[in-house]
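Before any comments, here is the structure.
The values are calculated or read from the model by the stated rules, or taken from the named source; none is laboratory data. Nothing here was measured: the structure is a model prediction, and the numbers come from that model. Every residue, glycine among them, receives a Cβ derived from its backbone with ideal geometry; neighbour counts consider all protein chains shown. All accessible areas refer to the heavy atoms of the entire protein, side chains included, with ligands and DNA or RNA removed. Shrake-Rupley method; radii C 1.70, N 1.55, O 1.52, S 1.80 Å.
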Amino acid sequence: MLLSTASERVDLPITGMTCVACARRIERKLSRTPGVSSAGVNFATERATVVYDPQATGISQLIEAVREVGYDTTGVARADSIVDDSEQAARQSESQELRRKFLFAAALSLPVLIIAMSHGRIAFLDFPGINYLQLALSTPVVFYSGWQFYRAAWAALRHHTADMNTLIAVGTGAAYLYSVAATIAPSYFSEAASAGAMSGMNGMNNASLPPVYFEAASVIIALILLGRLLESRARGRTGDAIRRLIGLQPKTARVVRDGNEVEVLIEGVVPGDLIVVRPGEKIPVDGIIESGASAVDESMLTGESLPVEKTKNDAVFGATLNKTGSFKFKATKVGKDTALQQIVKLVQDAQGSKAPIARLADVISGIFTPIVIGIALVTFVVWFFVTPEATRFTTALVNAVSVLIIACPCALGLATPTAIMVGTGKGAENGVLIKSGESLEIAHKLQTIVLDKTGTITRGEPVLTDVVTSLESGAWSLESEELLQLAASAEYGSEHPLGAAIVRAAQQRGLTLAEASSFQAAAGHGIEAEVKGHHLLLGNLKLMSERNVIVDGFAERASTLSAAGKTPMFVAVDGRLAGIVSVADEIKPESIEAVAALQRMGLEVVMITGDNRPTAEAVAGEVGIRRVLAEVLPEDKALEIKRLQQDMKLVGMVGDGINDAPALAQADVGIAIGTGTDVAIEAAAITLIRSDLRGVVTAIALSRATIRIIKQNLFWAFIYNVIGIPIAAGLLYPFTGWLLSPIIASAAMSLSSVSVVMNSLRLRRFRAPI
């Protein structure tokens, strides 16, 4: 979106959100603030992005609008990161507070649960003051650990909405308030309870004590807090990818000023500065080489494993690694204009633009909660007028509380997190790390999987593939091992990855390498050296042409190797062609099996790469991929994902390089190869511990199994309420004379929770498809 000259954009970190309904509430409030043209709140990244007219409103008014709906903000976020220090501190504080409240609730709820489950059968727990003991234990849980639910429910009520907090507050609040009243005035409730309840269903054996439901309040609060604690920890890592990206840039640069080399902070570099880079150093900013030559490892930027030869007038990029030579370059882009900072921005935009995933439980509770409250009120009114005057209030209250307790969201709240906890645990057993429930939810709906080539489909490092000896007239005639021995001996002094692959292959075959002399690298073309008294040239066709080496029909053979995705290098001995050695980034054997399995699952598989089209299509053909996106620049990978998404497709992206990070973040589900860069792993929603594409198949199959379980859980959690609420309201009383006591309601609620947990545990039997 383009901003008008009168508009400004600001990002506000939000604290206190607990569900997607919270994000929608803040978004509506900000959108209605005078001067705001648009507002979006991302629950996943916990940020509000607001476009506003500074002449009509200001930052303080926006912050006040957030606070008016019951949430808070740490102030304006920095433009260069998703999570700055103040945000990180706020999130850590929030997570620690959740942990304290959960531990406090768990410690006090456990004895209350034991008392409730004993039903008076344990002698030392059957005494007249037992309800007061439960009151003393439950009250701190409700008013300390559970207060956030009541506060959020009140905020929702003030804005005429209902969410999961409302259901939690109503259910636990009704159970607690009824239990408090029954504890303080037991005689008033005993008569109604005994009249309306089924025989023998009192909570304690002591007939003078009415049943109480403190455990329904305190245990539910403890369980919900546990789920939110786990969710908070997962969301707290959303800014790690940005911090790692920014950390790649060196802190200082060696700049030539007034004829002297001086070391300055990276912030002090300006366009036009002449910068010196030595072997093994990171390039500080973007620029153009003025003098010198080298091989530069640009894998953090391009994802390609082979270093790029750089000479005068070639472009270099900040945070890439200089491998071999020294050079001087002129700075052209600094600060936020560098390629690295542009990638940071792309990751930020991709993560910030993701719409929050609608949680089915919140949708259900948003509709269900007002209906339940209405049914409870109607139940109270009806029973108040049809019951004898002596017991009308207590009977009406008991039946209304039964409705609220049986509708308590314990099972509804457990339906999704229990399945996700088991599913993510099972994923870890199979080498698939799933960072959040959101990614697990989306993965089952993916229609297209985009695979990066280098390091994902291929191994990511060059290996020797062919040794072609020359048998042409007038050329050296050598056996393949002899040719390889000479080439490896010449390359032994080289630091180039292609040379290293040749040396490694010779050593693996047990060949003895001779000492090379007069070694010299021809930047961008190859090398020359003296080996065993022979003058060797090893390089590309341009090097052979410059040294007048006749290649005859081997140029065609080299073209064939290139078309197959390989890098051919001519070998000349004493001015005559001796053969060709070729190196390639080898395809992982398991990639073929994984691609076939993904296609059997009904997914479209696409390969994306910065390589030229012939090489890309050669690799794609070998693994069975029909659609190829070739010659894609690093900054365009995320755009290609967007184009696929514009075709109404849910897209998964699999990659391992830093250049893949924006695409991983833009995709509906990003999947990083575990052997890849930390940034790619942090930007992705799913990480494969092993460098094996079959893990993608496992992740999607596990997602499908988990979502199937979640839907079953939600069905059973909801059906208990659908069946139980009419019974609790007294639907069967005219026919059977039965009323559902709160004890039975509590038992039904517990049964629904047990069924949900047991159903989730079935995921433990999941087996990886391949």
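Observations on the model:
- Heavy-atom accessible area order for 668, 647, 258, largest first, 1.4 Å probe: 258, 647, 668
- Ordering of 51-64, 449-462 by burial proxy (mean other Cβ atoms within 10 Å per residue, highest first): 449-462, 51-64
- For the stretch 329-335, 3J(HN,Hα) computed residue by residue from phi via the Karplus equation (6.51, -1.76, 1.60; θ = phi - 60°) reads 9, 9, 5, 10, 10, 10, x Hz, glycine and proline entered as x.
- For residue 740, distant residues with modelled amide H under 5 Å away: 730
- Ordered by solvent-accessible area of protein heavy atoms (1.4 Å probe), largest first, the residues 9, 47, 627 come out as 9, 627, 47.
- Accessible area of the stretch 583-650 belonging to carbon and sulfur atoms, whole % at 1.4 Å probe: 50
- For residue 101, the lysines whose Cα falls under 26 Å of its own Cα, not counting residues fewer than eight places away in the same chain, are 435.
- Accessible area of residue 435 in the full protein assembly, 1.4 Å probe (Å², nearest 10): 60
- Close amide H partners of residue 295, meaning residues 5 or more places away or on another chain with modelled amide H under 5 Å apart, are 310, 323, 324, 325.
- Packing-based order for 757-768, 601-612, using average beta carbon neighbours within 10 Å, highest first: 601-612, 757-768
- Counting only protein heavy atoms and using a 1.4 Å probe, the accessible area of residue 720 comes to about 70 Å².
- Annotated for the stretch 557-675: lysine pairs at least 8 residues apart or interchain, Cα distance under 26 Å, count 4.
- For the peptides 370-383, 419-432, residues were scored by their other Cβ atoms within 10 Å and the scores averaged per peptide; the highest-first order is 419-432, 370-383.
- For the stretch 478-533, the share of accessible area belonging to carbon and sulfur comes to 43 percent (1.4 Å probe, ligands and nucleic acids excluded).
- Within the stretch 165-186: backbone nitrogen closer than 20 Å to the residue 139 label point (7 Å, Cα to C-beta): 172-186
- For the pair residue 626 and residue 32, label points projected 7 Å from Cα toward Cβ lie 5.2 nm apart.
- Taking Cβ atoms as reference points and 10 Å as the exclusive limit, the residues near residue 339 contribute a net charge of -3, counting Lys and Arg as +1 and Asp and Glu as -1.
- For residue 254, the accessible area of its heavy atoms, probed at 1.4 Å with every protein chain present, is near 40 square angstrom.
- With R₀ fixed at 60 Å, the C-beta to C-beta distance from residue 646 to residue 732 puts the FRET efficiency at about 0.65.
- Taking 0.36 nm per residue of sequence separation and removing the Cα-Cα distance, the residue 479/residue 463 pair yields an extension gain of 3.8 nm.
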